[in-house]
Amino acid sequence: MEMKTDGNLNVHQRTSRFRSDRLTALHRVYAQKQRQVAQYTGEYTNGRRTLEQFLEALRYVTSKPI
């Protein structure tokens, strides 16, 4: 069994922190996209957007991978 040295532990801590930061950033992006979808859905439902405008707005929201 390999013993962890302080150097290995620091690398592990940095890697864990990076993953945590990355997940937090992804969560923020996802939450923003969800808010946009909810807004566009409401606008379509209330007649302020046509179906074509609604679908175009959704396409814009989902065009970039997270």
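Just one of the listed residues (E56, E43) is of a type outside the set (S, T, N, Q) and in contact with a helix residue (DSSP H, G or I) (Cβ under 9 Å, 6 or more places away or on another chain), namely E43. Restricting attention to segment 8-28, the residues that are within 16 Å of the chain's Cα centre (by Cα) and without any contact (Cβ under 8 Å) to a residue 40 or more places away in the chain total 10.
Within segment 42-66, residues that are more than 30 Å from L23 (Cβ to Cβ) and modelled with pLDDT of 85 or more sit with their Cβ atoms under 8 Å from residues that are outside any helix (DSSP H, G or I) and among the polar types (S, T, N, Q), at 6+ positions apart or across chains, in these pairs: Y44/T50.
The values are calculated or read from the model by the stated rules, or taken from the named source; none is laboratory data. It should be emphasised that the depicted structure is a prediction, and the values quoted were computed from it without experimental measurement. Note that we place each Cβ from the backbone using ideal geometry, even for glycine, and neighbour counts take in every protein chain shown.
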